[in-house]
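Asker: Let me begin by handing over the structure; questions about it come next.
Quick note: the coordinates plus some simple rules give every number you see, no bench work behind them. Since the structure is predicted, the reported quantities are computational estimates derived from the model, not experimental observations. Neighbour counts are summed over all protein chains in view; Cβ atoms, including those assigned to glycine, are modelled from backbone coordinates with ideal geometry.
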Amino acid sequence: MKQSVFRYNTALCKWRRRRFALIIGTAILLTAMCACSNDGVGSEPPSYEAGTLTISFDYEKQSGYASNQFAVWIEDMGGDLVKTLYATRYTANGGYKNRPDSIFLWVDKSGLAAMSKTDVDAVSGATPAAGTQYYTWDMTDKNNNAAEYVGWLPHHSIEDTLEWLRQIEWKRDDAGVIIPNDNYIWGFVLKETGELFGSGGLIWEEGCQLFQVGYNIKKTHWNNGFTTEAMRAIFHYAVTNLGIKRVAGGHAKENLASAKVIEKLGFVYDRDDITPHVDGVRHFDSREYYLDL
């Protein structure tokens, strides 16, 4: 279960006198390692496909030389570009050299100066006609990596994320005692830098009447033992402060990274299962475990 936090951005450079690009963006939680595609680009609403996210906005053309330049891209929670969905051709093909203020945020984040012509052509296109624009992200990054083993859908708006945050917010009574909840979620932060690189915790599963472990780690922080360290700290807190004595865990059979974490944490194999995705279409062959704390 690896998940990253991403931000989608559209940057529109309207007037030469502006010293900055207008950023239209919001932080959203996406159930994926990262990524996007240039396939769903255009002025017609795309048909819905499970495991995709469509970004739309109203676009109005401005008068003036090279005044209608914009880009749409995906960022991770650290502000690094995951992949470009679209950029107007003038800027992508070198126009930024003559006009440095042309969607300069994207130019900088994308590393445009070092991109090959093939890569530039793959993400750029002619300036579209005025109207509502649609760009679909298929949850793959610039190297076409995708998150295959997650069981939840992306947030489609800042409202989705705010609602999720309200749901997982820890609540206490007037005496400061924790009120029992169905979710206990922590953010994972590097002590040295304070960087938030993931989250995880305990989620109540009605079917097995146990809290199930879940964790979401930024890809750049994999293979450092962070997940195992964080979950051990969570288990200690669960026993000491929440009175939790046993937890469940699971992973898709092909997800060897999560299997390794489960093994390091000392989980005991229980059974094979089939885990449905919340989109109602996909499912995973999984292995289920339990751990006495």
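Asker: Over the alpha-carbon set of segment 170-292, divide Rg by the Kirkwood Rh and report the Rg/Rh ratio to two decimals.
Answerer: 0.97
Asker: For Thr275 and Arg232 in one chain, what is 0.36 nm times their gap in residues minus the Cα-Cα distance, to one decimal in nm?
Answerer: 13.0 nm
Asker: Still on this structure, I have one more. Computed FRET efficiency, Cβ-Cβ of Thr161 and Arg282, R0 22 Å: what is it to the nearest 0.05?
Answerer: In this case the efficiency is close to 0.45.
Asker: Taking 7 Å along the Cα-to-C-beta vector as the label spot, tell me the Thr193-Trp222 distance in nanometres, rounded to one decimal.
Answerer: 1.8
Asker: Once fully extended, how much extra length lies between Glu169 and Asp292, figured as 0.36 nm per residue of separation less the alpha-carbon to alpha-carbon distance?
Answerer: 41.7 nm is the gain from fully extending Glu169 to Asp292.
Asker: Continuing with this model, one more query. Please report the relative contact order for segment 89-229, taking Cα pairs under 8 Å with a sequence separation of at least 6, and give it as a percent rounded to a whole number.
Answerer: Once normalised by length, the contact order is 10 percent.
Asker: Quick one: 3J(HN,Hα) in Hz for segment 214-222, Karplus 6.51/-1.76/1.60 with θ = phi - 60°, rounded, Gly and Pro as x.
Answerer: Calculated HN-Hα couplings, in order: x, 8, 9, 10, 4, 4, 5, 10, 5 Hz.
Asker: Can you give the extra length, in nm with one decimal, that the chain gains between Glu60 and Asn145 once fully stretched, where that is 0.36 nm per residue apart less the Cα-Cα distance?
Answerer: Full-extension gain reported as 27.2 nm.
Asker: Could I ask something else about it? Between Tyr86 and residues 5 or more places away or on another chain, which pairs have amide H atoms under 5 Å apart, with H built 1.01 Å from N, and which residues are they?
Answerer: Val72
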